[in-house]
Amino acid sequence: MSVVTRFAPSPTGRLHVGNIRTALHNCLFARKQDGRFILRIDDTDAERSTAEFDQAIRDDLEWMGLKPDAVMRQSERFDLYEREFQRLKDVGRVYACYEMPEELELRRKVLLGRGLPPVYERKELGAPVPEGRAPHWRFRLDHDKPIVFTDLIRGEQRFDPKLLSDPVVRREDGSWLYLLPSVIDDVDLDVTHVVRGEDHVSNSAAQTQMFDALGSKPPQFAHEALLVAAEGKLSKRLGSYGAEHLRAEGVEPMALLSVLARIGTSQPVEAVTELDELAATFDFSTFGRAPAHFDPHEVELVNARLLHKLDYAAVADRLPEGATEQDWLLLRPNLERLSDFPGWFAVLHGEIDPPDLSHEERLLVKDAATAAEKLDWAVEPWRALTEEVKAATGKKGRELFHPLRLALTGRESGPEMAGLVAAMGRGRAVRRLEAAARR
């Protein structure tokens, strides 16, 4: 059996960290099994779905490297849904209902008041059709058939269908709700595995009977624990934390994917540079039942570790013109984001503003400028320079190194000075020391 997974976002907003995680896990599992990963745009909600969000979702997936093997849209498949709906209607598995929302809410309160589960009672079956009222449609669950399936993460799941309400599958205006079209698509596209959040477990229970009613075997389900922030359920702030935010902040997509692939599992979070490497270790048996805690700061830390591993070839087209492999290898260990590179590149090969130094520090860098003029720059110039200045001034430790770093780089901290000084060259170093001494 060839594995087929699908990611099914609604084009009513941008991808956020929660549904990116779902897309990633579907993609990784399909890759590991040499299967297919399908993007299904669930755009049946015509009022809220937009072409702009549809395009944004596809652009974000492409930026992250989560390229689907096929793309389809539910809005282009209404004929298929209508045909299968009629088939279920003919055999009595979907039926018309005419209650108003107020009636259903009153029934719910009455059942709760009696200490009973608020399950739809099917009182409308066989009742006269109210004049002038269009029906909504429910799928009739088989109360005599227990619902049992084995979840790849949660293990065996059992539901008594008598304790589930017959789900509404179509509204009064003829528009579709999520459950039935999703099943019809999964059957038509030969989806073998449905990977999604644990909040869909009861939906999956009802959908198993829909698969049976359509004469198809249900796919295997994997319901993941939900993603949460430190303050509890995924906050609105994290709900907006996604590909758009990361691109604006200059974070590498693989930093986010490295975190999302492993949090909530027994595997350690590591900075991984390739999706195939994540796919090779992807295993539902490592997923826990506890909520997966997501911390944006962890993405930042992984991003830095990831950059420190990237070869020059992986970033060359995103570096400033003229940046060499030697420049990259020198500056890479100090980067937190790739956007930090141009500033350090200017330190190596451009101009900087002279720093504000104390009178005593200006005297020290003046001595350093004199010493730098005479040094052999081809042999460890930083070591030779500091030894000369130390001998001339008697300064050591921070009193020696701090003013020299400021004068030469304009910054309080950064990469090892030995590499920076050698790369910037004698002429640039002397000019900066002299400028700092005069300021």
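The values are calculated or read from the model by the stated rules, or taken from the named source; none is laboratory data. Computed from a predicted model, the values in this text were never measured in an experiment. Quick reminder, even Gly has a Cβ in these numbers, built from the backbone with ideal geometry, and neighbours come from all protein chains shown. Heavy atoms of the whole protein, side chains included, go into the accessibility calculation; ligands, DNA and RNA do not. Shrake-Rupley method; radii C 1.70, N 1.55, O 1.52, S 1.80 Å.
Worth pointing out:
- At q = 0.20, 0.21 Å⁻¹ the log10 of I(q)/I(0) for the range 320-428 amounts to -1.08, -1.18, computed by Debye summation with a single uniform scatterer per C-alpha, solvent ignored.
- Most positive-pole-ward Cα, Thr409, Ala372, Gly425, against dipole of the range 362-439 from beta carbon charges: Thr409
- Relative to the Cα centre, the charge distribution of the range 134-246, modelled as +1 at Lys and Arg Cβ and -1 at Asp and Glu Cβ, gives a dipole magnitude of about 280 debye.
- Degrees, to the nearest 10: 253-262 long Cα axis against longest axis of the chain: 60 degrees
- Note on Ala280 and Arg73: their simple-model spin labels are 3.9 nm apart, each label 7 Å out from Cα toward Cβ.
- Seen from Ala134, the other residues with C-beta closer than 13 Å to its C-beta sum to a net charge of -1, counting Lys and Arg as +1 and Asp and Glu as -1.
- From the alpha carbon centroid of the range 158-173 to that of the range 356-408 is 78 Å.
- Crossing angle, helix 296-307 versus the chain [Cα axis fit, 0-90 degrees, rounded to tens]: 50 degrees
- Estimated FRET transfer efficiency when R0 is 56 angstrom, pair Glu298-Leu116 (beta carbons, to 0.05): 0.75
- Within the chain: Cβ-based charge dipole about Cα centre, in debye rounded to nearest 20 (Lys, Arg +1; Asp, Glu -1): 800 debye
- Surrounding net charge for Lys67, when Lys and Arg each add one and Asp and Glu each subtract one, Cβ distance under 13 Å: -2
- Full-extension gain in nm, Ala46 to Arg108, via 0.36 nm per residue minus C-alpha separation: 19.3 nm
- Relative contact order, percent, the chain [alpha-carbon distance under 8 Å, six or more residues apart]: 13 percent
- Modelled label reach - Arg438, point 7 Å along Cα→Cβ, the range 381-414 residues with backbone N closer than 20 Å: 404-411
- Computed from label points 7 Å out along Cα-Cβ, the spacing between His349 and Ser216 is 5.6 nm.
- Two-site FRET efficiency, Ser175 against Glu244, from Cβ-Cβ distance with R₀ of 25 Å, rounded to 0.05: 0.30
- Each peptide in 27-35, 388-396, 75-83 receives the mean, over its residues, of other Cβ atoms within 10 Å, and ordering these scores from highest gives 27-35, 388-396, 75-83.
- Measuring nothing but protein heavy atoms, the accessible surface of the chain at 1.4 Å probe radius is 49 percent carbon and sulfur.
- The range 1-115: relative contact order as a whole-number percent, Cα under 8 Å and 6+ apart: 26 percent
- Using C-alpha pairs under 8 Å with a sequence gap of at least 6, the mean separation divided by the residue count of the range 293-439 gives a relative contact order of 28 percent.
- Where the chain is the region considered: accessible area per residue in Å², 1.4 Å probe: 49 Å²
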